[in-house]
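Everything on this sheet refers to the single structure shown next.
The values are calculated or read from the model by the stated rules, or taken from the named source; none is laboratory data. As the structure is a prediction and not an experimental result, all values here were calculated from the model. Backbone-built Cβ (ideal geometry, glycine too); neighbour counts: all protein chains shown.
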Amino acid sequence: MAWVTRGMRDGRLTTRWPAQKDGYYDEFATSARLRSDAPALADDEKETAAALCPTGAIAVASQNGETSVTLDRGRCVLCGRCVRLFPDTFEWETGTTRVASEAAALISTGAEQADDLKHLRETLAGKVRNLGRSVFIRHVDAGSDGSDEWEVQALANPVYDVHRLGIFFTASPRHADILLVTGIGAAGMTEPLRRTREAMPEPVVVIAAGADAVSGGLMGRSGYTGGFGAGSIIDVDVWVPGAPASPFALMEGILTAIDRLPSRRRERRGRT
Amino acid sequence: MSAPQSVRTSTATDPAAFTSQVNALVRDGSRFAGLYGTARRDGCELTALLADTDRFTVLRTLVTPDAHGELHFPSLTPHVLAAFWYERAAHDLSGVVADGHPRLDPLLVLIDGEYGRPHPGRAHSSTSVSLRTPPGPVDVHGRGMFTIPLGPVRSGVFESVEFLIETPGEDIPHLNIRPHYKHRGVAKRFEGRSIDDGVLIAERVEGIASVAHALAYSHAVEAMSGAVVPPKARLLRVVYAELERMANHLDVAMRLAEAAGLAVATSRFAWHKESVMRLVSELCGNRFGRSAVVPGGVAGMPSLDLAAAARALRAIHERVRRDAALAMKTPSFLDRLRGTGILPHDRAAEWASLGPVGRASRLEDDCRWRRPTDAYAELPLATAPPILDAGDVQARMLVRWREIDQSAVLVLAALQRLDREPDDSMCATIDLPEGEAFGIGWSEAPQGEVLYAVTVQDSIIRRCFARSASLHNLAAFHEVFRGDVFTDFAFIEASFGTGYAGVAM
Ligand code: SF4
C-alpha cells in the first residue's frame, strides 16, 4: 500500500521537545511582557501604553504613591502594539509559556517574580498523583473564534505527536482526567460546559487555554454574551496564555498540569 | 481595493417596496448576499446586500414601529430562499419580524424573554441570554422517529455546534442546525471601537479565516476613505490570503482522510497544514496571519527572506501535490467521497452557495476573478476559477485541490514581484470623513466570499455586519442529506469546511 512507504519517506518530523529545545518554539512569541531592564516610563507614557492595548492587558498600578505598569499575559492577544511603540519597555516572551495556578500569576511586572510553579505543583499534587502513564483529555469549546481548536487538533499531528508523551483525547467525559477549555465562556456554553465538568470523575484538572478562556480576551469581558473566561463558569486549575495558545504552549500547559515537565525546563521558567 | 463605483446604494420608500425590489433583483439574476438590521432612532434600518457579476447593490429601508411597537416587514424568504437564516438572525438581534417567514425560530441567540434585543447600532441595549436551551423542535413526525442531538459538545476536538438529527433509523430525513451556543455577540463587539481595533475583532470573527476577514473589513474602510493600498502591501495581502486558503483546504483533506480511517494520509495532510502555518508564522509572527493586515496596507515586510519563503512553499506544494494525487487514487478514500452529500446545481443556485461548496455545484462566483481586490488583477490567475458539476464531497475536495495549486502559483508570483517592487511603503493613511460614513468590502476566504458592511460615525465603528461564507453556506447544509446514511455525516460536514464561530457570530 503506497501510503505506508509515504509515511516513512520524510524521516523524523516529530519535535524532541520537551526533552530538547525546539527552534520553532524558541522563536515563537507566546505573550508580550515587561522587560526586566525597562527604564521607567513617564506618567503620560504609562497612560498611553495602557490606552493602546486593545484588551486592557496593560494597566497602571499605583502603590504608595509610586505608579508602575503591569502586563497581564492572560489578556494579551499579541497584537504587538506595545512592543512596537515602546520597545524599551515591552518585549515578546518566546520559547516558553508562563503556565500558572491562578490567573493573577500571569501578570508581568518586570521585576523578578516568585515562581508560581511550586505552588501549582503543590495544589495539583493530590489530583495528578494517581494518574497512570496515559492521561486523557476532554476538550470543550466554550465560545472560541475557531483558531484554538486548530491548535488543539495540531497536537495529534506528527510534528507534536502528543501520544508519544502519553497524552490522548477522549470523546467521553467519563474517561477523562483533564478538561481543556477554549473560548470566552459564552453565555450559551455555560450549561454544556458545566454538564461536561459534572460528568467527569474526580479528580479533574481543568485547563483554561488561550487568552479567550483565561480572561475573555478581546471578544469577551463585556456585553450581553458575557465571556469572562472559563473560570467564570467552572473552577480552573491551570491557566495557559496565548492567542490562541500554540501547540507548544498547550503541551507546556498540559505537561505542567500533570507535573511531567523535565526539571531543566522548570528552572528556565523562573524568570519574569 | 474595493472601488467605490462598484457599489450601488439605494433606499426603498417602505418595507413592502424593499421586499419587492429585492425579489425583483434576485429574479433578474442578482445573487442574494446578506441582510441585517441597524438600530436607528426611529426604528430599524434593514440593509440587503446583492451581488452582480462585478458589483454590489446595497438596498435599504426603514422599518418603523407599528401600533404595538413592533417592527414588521414582508419576508423575503418565500421568494429568496437564501434569506432564510438572515431573517432569523435579524429577528434575534434587531427584533424585526419577517411576516410570512416559514419558521422564525431563534438562530444565533436565545434571548431571555423579558429583556430587550441586542440591537446592533444602538449604543446602549440591555439584553440577557437564556442559559438553558430547550429541546429542539421536531419537524418530522412518524412512528419510530427519534431525535439524535449531535453536540453542542462534539465527540472530538471541534467547535461547539448542535445538529439535531431526526431520523427513523439509518437514513437522515431531517437535520436541524443550532449554532447559537457559541454566539459571542460579534456585532456588538465592533461597536464603539476605533478603526484600528476593528481589524483585530474582524480577525476573531472566524479565526480560521483571520486574513480573509481582516481583508474584507479593511477593504470596507479603505473604500470609505479612498485610501490606495501601496503595491507591496497589495502583494503581501495575496500571499497571506492564499496561504490561509492552503491551510484550510489541507484541514478539509485531513478531516476527510480521518473520517475514511486513513491514518497515514491523515497525518500527512496534518503535517502539510502545519508546514503552511509555520511558513505563515515565519513571515508575520502569527500562525493565523493575525496582525499582518491593517487598514490601509500591511503591518510590515515579512521577517523571513522572500527567496527562502518561495523555496519553502515550493517544497510544501510538491509534497501536497503528490499526496493529493495518491489520495485521489485511493479507492477506500474515493468510495466514501463519490456521490456523497450531493448539492445539485439548481439547489446551490437557490441558496446562492459560496466558495468551494458553490463551485463544486457549478456556481462560478469567486471574488478573486469577479471582483478582484489587492494584487489579484495583476497576478497570473487561471482564466476561470475551477468549477465542477457533480456537487458531491469528491467535487468539493477536487475544487480545493485545484485551488491549492492556484494558490501556490499566486504566492510564488507575488513573492517574486515583491522582490522587484521599488515602492517601499507598506500602509496608506486612512482619513475618514467627519460624521457618518459607510463602506462595504469583500474577500475570498477559503470558505467563500466574506462580506463586510461597515458604518462609522466620526471614525468610530457604529455598526459592522461581518458576514462569513460559513454562515451563508451552512443554511443549505441540511439539503445535502436526503437519503444519505448516518455514517456519511463526518464526510459531508468536513467537505463544507465551516468555521462555526463565523456562523454563530
Ligand atoms: S501585545 Fe498584548 S499587551 Fe501589548 S498591546 Fe497587544 S494585547 Fe496589549
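Scanning the stretch B:325-337 for residues that are surrounded by 14 or more Cβ atoms within 10 Å (Cβ to Cβ) and either away from every other protein chain (no Cβ under 12 Å) or not in a helix (DSSP H, G or I) (or both) turns up B:Met328, B:Thr330, B:Leu334, B:Arg336, B:Leu337.
Restricted to strands (runs of 3 or more DSSP E) entirely inside the stretch A:1-99, those with at least 2 residues that are near the ligand (Cβ under 8 Å from one of its atoms) are A:29-34, A:66-72.
For (1) more than 14 Å from every other protein chain (Cβ to nearest Cβ); (2) crowded, with 22+ Cβ neighbours inside 10 Å; (3) out of contact with any Asp or Glu (no Cβ under 9 Å at 6 or more places or on another chain); (4) farther than 20 Å from B:Arg400 by Cβ, each residue gets a yes or a no:
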residue	(1), (2), (3), (4)
B:Arg184	no, yes, no, yes
B:Gly198	no, yes, yes, yes
B:Ser210	no, yes, no, no
B:Ser218	yes, yes, yes, yes
B:Glu244	no, yes, yes, no
B:Ala265	no, yes, no, no
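List the pairs whose first member sits in the stretch B:424-435 and is within 17 Å of B:Ala292 (Cβ to Cβ), whose second member is part of a strand (DSSP E or B), and whose Cβ atoms are under 7 Å apart, counting only residues at least 6 apart or on separate chains? Hits for this filter: B:Met426/B:Gly297; B:Met426/B:Val298; B:Cys427/B:Val294; B:Cys427/B:Gly297; B:Cys427/B:Val298; B:Ala428/B:Gly297. Number of residues in the stretch B:9-62 that are farther than 18 Å from B:Pro74 by Cβ, over 25 Å from the mean Cα position of the chain (by Cα) and in a loop (DSSP other than H, G, I, E, B) equals 2. Sub-7 Å Cβ pairs linking a first residue in the stretch A:169-190 that is more than 7 Å from chain B (Cβ to nearest Cβ) to a second residue that is of a type in the set (Phe, Trp, Tyr), at least 6 apart or interchain, are A:Thr170/A:Phe136; A:His175/A:Phe136; A:Ala176/A:Phe136; A:Asp177/A:Phe136; A:Gly185/A:Phe228, ordered by first then second residue. Residues of the stretch A:100-110 being part of a strand (DSSP E or B) and either away from the ligand (no atom under 12 Å from the Cβ) or within 14 Å of chain B (Cβ to nearest Cβ) (or both), which ones? Selection gives A:Ala100 alone. Between B:Pro331, B:Pro372, B:Pro386, B:Pro344, the distinction of being assigned by TED's automatic domain parsing to the domain that holds B:His272 and within 28 Å of B:Ala223 (Cα to Cα) belongs to B:Pro372 only.
Among the residues making up the stretch B:203-231, none is in contact with a strand residue (DSSP E or B) (Cβ under 8 Å, 6 or more places away or on another chain) and closer than 19 Å to B:Pro380 by Cβ. For the stretch B:424-446, the count of residues that are within 14 Å of chain A (Cβ to nearest Cβ) and closer than 25 Å to B:Ala257 by Cβ is nonzero.
Go through the residues of the stretch B:111-127 one by one and say whether even a single one is crowded, with 20+ Cβ neighbours inside 10 Å and touching a Cys at 6+ places or on another chain (Cβ under 7 Å). Scanning the stretch B:111-127, I find no residue that is crowded, with 20+ Cβ neighbours inside 10 Å and touching a Cys at 6+ places or on another chain (Cβ under 7 Å), so the answer is no. Determine which single condition B:Ala270 fails, assuming it passes every other condition in (1) among the small types (Gly, Ala, Ser); (2) within 19 Å of B:Ser443 (Cβ to Cβ); (3) facing chain A (nearest Cβ under 8 Å). Of the numbered conditions (1) among the small types (Gly, Ala, Ser); (2) within 19 Å of B:Ser443 (Cβ to Cβ); (3) facing chain A (nearest Cβ under 8 Å), the odd one out for B:Ala270 is (2).
Yes/no per residue for (1) at pLDDT 95 or above; (2) in a loop (DSSP other than H, G, I, E, B); (3) out of contact with any Gly (no Cβ under 6 Å at 6 or more places or on another chain):
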site	(1), (2), (3)
B:Pro386	no, yes, yes
B:Asp405	yes, no, yes
B:Val411	yes, no, yes
B:Pro422	no, yes, yes
B:Glu449	yes, no, yes
B:His472	yes, no, yes
B:His478	no, no, yes
B:Gly502	yes, no, yes
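Listed by position, the helices (runs of 4 or more DSSP H) enclosed by the stretch A:170-272 that each have at least 3 residues that are away from the ligand (no atom under 16 Å from the Cβ) and either of a type in the set (A, V, I, L, M, F, W, C) or within 18 Å of the chain's Cα centre (by Cα) (or both) are A:247-257, A:263-268. In this structure, does A:Arg6 turn out to be surrounded by 11 or more Cβ atoms within 10 Å (Cβ to Cβ), among the basic types (Lys, Arg) and within 12 Å of another protein chain (Cβ to nearest Cβ)? Criteria met by A:Arg6.
Can we say A:Asp141 is within 16 Å of the chain's Cα centre (by Cα) and within 12 Å of chain B (Cβ to nearest Cβ)? So A:Asp141 passes the test. Evaluated against (1) under 24 Å from A:Leu52 (Cβ atoms); (2) of a type outside the set (A, V, I, L, M, F, W, C); (3) within 22 Å of the chain's Cα centre (by Cα); (4) assigned to a loop (DSSP other than H, G, I, E, B), B:Gly192 falls short on exactly one condition, (3).
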